Amino acid sequence: EVLLRISDPSTVLHVCVYSSVGRDRLLGQWVLTLKYLVTQPDYCKHAPPLTRSRDGSISGTFYLSDAKLRGSAVRALGPSELGKGFSGEVDMRLHWMHAAGLPPPPPPKRRTAMEQLNENSGETALRLGNVRELRTALSSLPLRLSCGEVAFRDVSVGIKDLFTGYKGDIEMDLRDELANCRSTSSRDRLYEDRAEEVTDVVNMKDLFLHPVAAKDGSGLDLTAFLDGLLFDQLVPEALKEVFGTGLGGQAIGQILGGVAARSAEWARGVRRGFVSSGQGRNIPRVSPKAVL
């Protein structure tokens, strides 16, 4: 029995089953956003019937997807089919309840902005499921999109918070120096000078994107449109601008390294445009298998 104290309904419950023989090997995994325990308990991969009780519990046999999350999302396959991603079953009983008498959960672990971004991208990857299946689902929507030339002007991107570490770090670093300052104005000036060292604002004067449409001028499906506008143009072109600065390049490189590792197919245009800018060597090289 495992008790989880949760205050955020968007939390992702991620159940992994590993082999106990030899080296730990992932046998299968199951994913559920916790809000569905209340709003729609059968919105998950399970074998029918799923038993629901008036006390807020559900129980039954739940299907596990493979390491690539194939079939993990409830889309075209439905809640009781995983296709090639089927990797076994697990029997579980999940029970949610509001326990007002319990003390509040302990405060979250102290994390930098970069660590929080990495955690968020990991949860997002679990919600999206297998990227190839997601692209197929988006392509099948009855939408056709096109656009003319797009222009972004006078854009400023401030990314200071990604590099100041934890709240109070600058004050700790300056503790001894501030103690020797005789006036308040001197202390303020010293603090501002140190903060300026980790401040990096990227200014983009003009950023133009080419029209995105089919060869005959008609609309494209959603996946092709996103590829053509965002991943083949906007993000790579923005990277070329941002990588003119040291800290900006490091920030975007780290973020895209994590995103690309989790969503390699979505990032194909990002990586292609980024490498062509001559800065691709700065992206952390992470194996998708290691992350999934």
Ordering Val15, Val2 by how much accessible area each has at a 1.4 Å probe, largest first, what is the list?
Val2, Val15
Determine how large the accessible area of Phe231 is when every protein chain is in place; take a 1.4 Å probe and give Å² rounded to the nearest 10.
50 Å²
For the stretch 1-93, with the dipole built from +1 on Lys and Arg beta-carbon atoms and -1 on Asp and Glu ones, taken about the Cα centre, which of Leu32, Pro48, Phe62 lies farthest toward the positive end?
Leu32
Let me cross-check His46: its accessible surface, 1.4 Å probe, with only protein heavy atoms counted, in Å² to the nearest 10?
10 Å²
Are any of the pairs Lys35/Lys68; Lys35/Lys109; Lys35/Lys215; Lys215/Lys240; Lys84/Lys109 more than 32 Å apart by Cα-Cα distance, and if so, which?
Lys35/Lys215; Lys84/Lys109
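Name the shape class, rounded, prolate or oblate, that the alpha-carbon gyration tensor gives for the stretch 27-159, where a ≥ b ≥ c are the square roots of its eigenvalues, rounded holds for a/c under 1.5, and otherwise prolate holds if a/b is larger than b/c and oblate otherwise. Mind showing how you got there, number by number?
Working: a/c = 2.13, a/b = 1.26, b/c = 1.70.
In terms of gyration-tensor shape, oblate.
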Normalised per residue, the volume inside the convex hull of the alpha-carbon atoms of the stretch 1-60 in Å³ amounts to 119 Å³
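Determine the order of Ser7, Ser59 by accessible area, beginning with the largest, at a probe radius of 1.4 Å. Intermediate values should be presented prior to the final figure.
Working: Ser7 105, Ser59 35 Å².
The ranking, largest first, comes out as Ser7, Ser59.
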If packing is taken as the average count of other Cβ atoms within 10 Å, what order do 76-82, 147-153 fall into, highest mean first?
76-82, 147-153
Point-charge dipole on Cβ atoms (K/R +1, D/E -1) for the stretch 3-154, about Cα centre, debye to 20:
100 debye
Keeping the other protein chains in place, figure out the carbon and sulfur percent of the accessible area of the stretch 58-147, with a 1.4 Å probe.
58 percent
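The values are calculated or read from the model by the stated rules, or taken from the named source; none is laboratory data. All figures in this text were calculated on a predicted structure; none of them were measured in a lab. Because the Cβ atoms are built from the backbone with ideal geometry, glycine has one as well, and the counts that use them run over all protein chains shown. Accessible surface is based on the protein model in full, side chains and every heavy atom, while ligands, DNA and RNA are left aside. Shrake-Rupley method; radii C 1.70, N 1.55, O 1.52, S 1.80 Å.
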